[in-house]
1. Need one number: % antiparallel among DSSP beta bridges in the chain, to the nearest 5.
2. If you filter segment 150-193 for trypsin sites (Lys or Arg not before Pro), then keep DSSP loop positions with at most 14 other Cβ within 10 Å, what is left?
3. Show the residues, 5+ positions off or on another chain, whose built amide H is closer than 5 Å to the amide H of D23.
4. Could you tell me which helices of the chain pass both thresholds, a Cα extent of 15 Å or more along their own axis and a mean Kyte-Doolittle hydropathy of at least 0.5, with helices taken as whole DSSP H runs?
5. Return the long-range amide H neighbours of F99 (sequence gap of 5 or more, or a different chain), with a cut-off of under 5 Å between placed amide H atoms.
6. What is the set of long-range amide H partners of I214 at a cut-off below 5 Å, with H atoms built 1.01 Å from backbone N?
7. Could you work out the helix-only [θ] at 222 nm for the chain, with each DSSP H run of four or more residues adding -39,500 (n - 2.57) and the total divided by the number of residues, to the nearest 500 deg cm²/dmol?
8. Ranked highest first by the average count of other Cβ atoms within 10 Å around their residues, in what order do 129-135, 65-71 fall?
Amino acid sequence: MMTVNCDIGERGADNRIDLQLMDFIQIANIACGGHAGDENSIAVFRSLAESKNVEVAGHLSYPDRENFGRISLKLSETRLIQALDEQYQHIADIKMVKFHGALYNDSCVDKQLAAVLTNWLVQKGINRVITGFDSELAKACVSHPIRIIREAFAERRYVYSRESGRLSLVKRDRPEACIVKCDEALKQSLSIVKDQAVMAFVESGTEGVRRESIPIKADTICIHSDSVISLELARRLSKQLLS
């Protein structure tokens, strides 16, 4: 069954939207202090997840609260592992992880980083990771006892590179990066679920940039809690998937 996951606890333990989102998701990716979150928010959302039968994933990032983990950092392997260890200690009994922001995006395209992260996952006994179906992280995890939970995004637009043959998210500094109308986000989500395809921007030679339907595989759809349509979208998507 297709699940809905959401990045949770990034705006404190008492954020009204985050608390309500927990009624409509199956996986809560709880921020562990790297880009957001603290011991209090972790405890609150873990308890809420347990009461609502929602699975929990550790949401780990570059150690960069100032930029919300959305800027790539050139860290040594030792420093990166230290940062991940510091975050994971708050949620060390949880064996599912989703990386956040720039670390997530970098792990999709950087083979060396993907190998470092995979080794860390193995060492920690983590057996599930949420990532893109065609990511370098997914490829690196294949030869290890780590289940790949393939992820697609509900309210983010995609771009497709013919050169790499890979889908990626439109960068957040672009005006078209986020979908802000619920109907459009719901349409994209259901296309991913039912048709295993998503409309993406594609550079097309002399024709410039156009949108095409590109194949995509997913086991879970992500809704960002800070999206302006997150709660309405979660309600409607949950109803569609359960109907």
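Coordinate-derived values only; no laboratory data. Because the structure is predicted, anything quoted here is derived from the model rather than measured. FYI the Cβ positions are ideal-geometry reconstructions off the backbone, even for glycines, and counts take in every protein chain you see.
1. Details: 12 of 42 bridges.
Once the DSSP bridges in the chain are tallied, antiparallel ones form about 30 percent.
2. Numbers: sites: R150, R156, R157, R162, R166, K171, R172, K181, K187; in loops: R157, R162, K171, R172, K181.
Sparse-neighbourhood loop trypsin sites (Lys or Arg not before Pro): R162, K171, R172, K181.
3. Result for D23 returns nothing.
4. Values: long enough: 39-51 (18 Å, 0.12); 77-88 (16 Å, -0.84); 111-123 (18 Å, 0.57); 182-195 (19 Å, -0.20); 230-242 (18 Å, -0.05).
Length and hydropathy pass: 111-123.
5. L60, I130
6. Long-range HN contacts for I214: V198, M199, A200.
7. On the way: 8 runs with 86 residues, N = 243.
Rounded to the nearest 500, it is -10500 deg cm²/dmol.
8. Working: 129-135: 22.6, 65-71: 15.3.
Sorting 129-135, 65-71 by mean packing, highest first, produces 129-135, 65-71.
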